[in-house]
Every structure is written in C-alpha cells, then in structure tokens.
1. So which residues in region 379-389 are touching a strand residue (DSSP E or B) at 6+ places or on another chain (Cβ under 7 Å) and closer than 20 Å to residue 76 by Cα?
2. Counting only residues that are closer than 30 Å to residue 406 by Cβ and aliphatic (A, V, I, L, M), which one in region 331-390 is surrounded by the most Cβ atoms within 10 Å (Cβ to Cβ)?
3. Output the residues belonging to region 151-182 that are touching a residue at least 40 places away in the same chain (Cβ under 8 Å) and within 16 Å of the ligand (Cβ to nearest atom).
4. Please go through region 255-282 and pick out each residue that is surrounded by 24 or more Cβ atoms within 10 Å (Cβ to Cβ) and in a loop (DSSP other than H, G, I, E, B).
5. Restricting to region 19-50, what's the tally of residues that are open to solvent by 90 Å² or more (accessible area, probe 1.4 Å) and more than 22 Å from residue 67 (Cβ to Cβ)?
6. Looking at residue 462, is it touching a residue at least 24 places away in the same chain (Cβ under 8 Å), buried (at least 17 other Cβ atoms within 10 Å of the Cβ) and not assigned by TED's automatic domain parsing to the domain that holds residue 295?
7. Among the numbered criteria (1) under 21 Å from the mean Cα position of the chain (by Cα); (2) open to solvent by less than 10 Å² (accessible area, probe 1.4 Å), which one does residue 151 miss?
8. Looking at (1) open to solvent by less than 70 Å² (accessible area, probe 1.4 Å); (2) under 21 Å from the mean Cα position of the chain (by Cα), find the lone condition where residue 107 falls short.
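The values are calculated or read from the model by the stated rules, or taken from the named source; none is laboratory data. Worth saying up front: this structure is predicted, and the values here are computed from it rather than measured. Using ideal geometry, Cβ is built from the backbone for each residue, glycine included, and neighbour counts are taken over all protein chains shown. All accessible areas refer to the heavy atoms of the entire protein, side chains included, with ligands and DNA or RNA removed. Shrake-Rupley method; radii C 1.70, N 1.55, O 1.52, S 1.80 Å.
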Amino acid sequence: MNWDEFAPWGRRVADWAQDYHKTVGDRPVRAQTKPGEVLNALPATPPESPEDMEQVFQDFEEIVMPGITHWQHPRFFAYFNSNAAAPSVLAEFLVSAISPQCMLWQTSPAATEMETRMMDWLRQSLGLPDPFAGVIQDSASSATLAAVLTMREKALNWTGNTQGLPGQTPLRIYASSEVHTSIDRAIWISGIGQDNLIRIPIKGDWRGMDPQALDAAIEADIAAGLTPAGVILCVGGTGTGATDPVAECLAVAKKHGLYTHVDAAWAGSAMICPEMRHYWEGVEEADSIVFNPHKWLGAQFDCSAHFLKNPDDLVKTLAISPEYLKTHGAEGIINYSEWSIPLGRRFRALKLWFLIRAYGLEGLRERLRNHVKWSNQLHEKLAAHPDIEIVTPPMWSLFTFRYLREGTDLDDLNLRLVNAINDDGRIYLTQTRVDGQLVIRFQAGQFETTEQDVMMSYDVITEIAEGLT
Ligand SMILES: *Cc1c(COP(=O)(O)O)cnc(C)c1O
C-alpha cells in the first residue's frame, strides 16, 4: 500500500467506524466465540507476497469482529467501561498518522507542552490545588508502580536504585483489603515483597480502611524494627467501589512521615462533578493520585492521569540521563520520560484536548451524572424485587446484588445467572466476591448508554433469573 491508496481507505475506515458505533447496540455485548476459534481461522504462516487490502479488510470483518467483546456497546455494564468518545478517536487517528515518539521535550515539543497544559486542565477539573503537577502514564498500574518505587527510594534515603534491597530491614506498605491487584504487582516488582504489603481491615458502608487500625499497624511495625514506607488509598475500588476515609488515613500517614498514593483509577473521573467530591475529601494532602481518563471520562485506552504534589521525588527515583538523551541549550523544559517507567511515550494529550473541547466540562459532567442517576434508579427497582438482595449500596454508578432462592447454593446460582446473562448477550455483567460471597456487579458508564439501556437490565436480569432451573 502506498500513501495514494491511504486516503480512500481512511474514508472507508471512518465510515465503517461511524456505522459500527451507531449499530453496535444490535450485537451481543460479550463475544460469543469459543476458545481457539479465531486462532484457527488465522493462517499458521505469514504470506510471502503482498495481499490485497480488500481481502484483509474482509477478513477483519469476518474473522476478527465476531471475536470482539463490544466495550463501546451501550449495555456494557461489566468491569469498568473503557470509553472511546468520537473526538478522542479522531485525535488518535491523527496521532497515529504523525506517530511521534514523545520521550523528550525536543522529540516533539508540542506533545510535551500539550501534556503539561492538559494535566493542568484535568487538575482544575478535579478541584485539586495548584501544587499538583501531572504526567500521563500508560496505565494506572504504571502510575502505582512509579509511586511505590518513590516510596521505596524515599524510605531508603535514595539508595535502593544503586544498592538494591538485600540486607535492608523490610519496608512496609499499607493498604486495605479492597485495593486493586495492580498494587500487589507494584509491591512485587519493586522488590518490597508481598509479605510486606499490610492489609488494613475495612469498616462501614464504603468498605474503607479503618484509620485507627492503620495507625496501630504502623506503630507495631516501628516497634518491631521494620521500616514503614508508604500508604496506598483506594477511592472507588474495582469490586464494590470501596473508598477509604481519605482525610483520616492521610493524617495518620502524615503523622508517621509516610509517602501516600491514592488509586482513584475509575472514580477519579466523577470528581469533575463538585457534588461527588465528598468521597475523597482531604485528598489534597496526598503525595500522588492516579485516575484513568481512559475509563469513565471518554478518552480511549490508554490514558492514565498521574498527579504529584512534588514531582521531584518521582524524577529523583526514575530519571536517568545518558549523554544521548540530554537536551542542551533549552532551559526549563520537561522530559516526561523522566516521570515514567518506559522511555518511549505516545502523544496521549491530544485526545484529551479534542475530548474536553468537543464536550466542554459541562457535557462530560452531564454524562457522568446521568450514569449515576440511572444506576441508582435500577438499584431501587432491583431492591424492591422479593428475590433480589442488594449486597453493597451504590458508590457512584456501581452496586452489587445477589439473586436468592431457598435451598440453593447461592454462589453457584449467581455464577450460573451471570453466565446465562452474558450468553444471552443483551447486557454484559461481571461478578465479584464480597466477604467471601459471590455477587453480581452492575455499573453504568458507557458514553452512549441511555436510561432505557440501563433500565432494560431489570427485565433481562429478572427474566433470566426466573428461568434458571
Ligand atoms: C482499572 C483499575 C486499575 C488498573 O488500571 P490500568 O490502567 O488498567 O492499570 C487500578 N485500580 C483501580 C481501582 C481500577 O479500577
């Protein structure tokens, strides 16, 4: 293919994408393929000679599309949505056309300066104070790893990178039982070790960490000669939306001089609505905060916003600067690769610029508010059903429930229910465990979902539940 052939194909792809998004609601949400089906449909060896793009495109539709789970489906209520609003897709098309590698300021000044500006737009949108500066990471997992490495280096007085960890007194990191597995992985990769991730018990409707238990755990570790290094808070956990009492936990961490990181990967987007910010009141005392615009806010994957009160700590942890990466003769520039783990970086800020300008903050807020409102309506309706038990109450647009039937193993019943719902294809839900019990999650957050899409879930859930043998 040459660039003369590119534009007609580009138009065709744009038409295809528009049609796909407008009709995706007619497809089953979760892919209905069996394991190996797509693999077996793909030739085992690569072609030696060029193939016709027409044929490639046809195979894309026939082989690939049936094996896709439609994350942009208006009735995708599983996991957390990973939205792709139209303006952000356009921006990614442009980024893909120019494909800059944005590791240093000089490798594309516009990408760096756009990133600085967009992160400040997001900071203001979330109501965070001035000292916070931001960087776009590929994922919340990377942001959390960067924060844990910073905790490690600060606790070791910046000797970990050079000397490694052998011989050190164990470093201790504290988090609730509800945090995401990306925290465990960050602890593994940083060399701190799973045994030194201390799970603090939770309490209350928000299933948040008990600040007194946090304080007691830190005191006990100090008494035992261990080295507390940091606290990781959860705002909107993946299973049930669990949220720690942010102000109280940060006060405990601060009293002990510990570095703090807040994982608000999903719920952070909701903070563009001032009335939802009470969930993380006091967050301005944190050192590091991550949220994913690639979830609820509408920028497509990947785009993770990482705010730092003092970026110098992070840069001191991660920066490495051989001669070939030095930029001479330019003062006051930022090289964002010194703020993140991979060296190479995509131009991710452009899609935020397109997205925020195309909707305005009011347009984005309206969508999120509707998701919360409709999800609460569905929750009320399900709560009134005699055989449905709400297990955890709505946190933003997420709640969990169970179907009840006397004399039946409820874990098995609910697992069969969620599988039957997903085989049916009209809606897509996932399960989680709450205090050991298998429960079904519902969350609304797809950009094009309507009140009708959300409320239809009631009919699908109750119809399929009643039909289970
Ligand atoms: C989605 C999610 C993550 C992981 O995000 P990635 O960007 O995929 O790494 C971490 N924490 C929470 C609470 C999440 O919801």
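1. Start the filter on region 379-389 by keeping residues that are touching a strand residue (DSSP E or B) at 6+ places or on another chain (Cβ under 7 Å), which leaves 379, 382-383, 387-389.
Correct list: 379, 382.
2. Keep residues of region 331-390 that are closer than 30 Å to residue 406 by Cβ, which gives 375-390.
If we keep only those that are aliphatic (A, V, I, L, M) too, we end up with 378, 382-384, 388, 390.
Working: 378: 23, 382: 20, 383: 13, 384: 9, 388: 19, 390: 16.
Among them, the one singled out is 378.
3. 173, 175, 176, 178, 179, 180, 182, listed by residue number.
4. The answer is 264, 265, 266.
5. 2
6. On the way: touching a residue at least 24 places away in the same chain (Cβ under 8 Å): yes; buried (at least 17 other Cβ atoms within 10 Å of the Cβ): no; not assigned by TED's automatic domain parsing to the domain that holds residue 295: yes.
No.
7. Against the list (1) under 21 Å from the mean Cα position of the chain (by Cα); (2) open to solvent by less than 10 Å² (accessible area, probe 1.4 Å), residue 151 comes up short only on (1).
8. Going through (1) open to solvent by less than 70 Å² (accessible area, probe 1.4 Å); (2) under 21 Å from the mean Cα position of the chain (by Cα) one by one, residue 107 breaks only (2).
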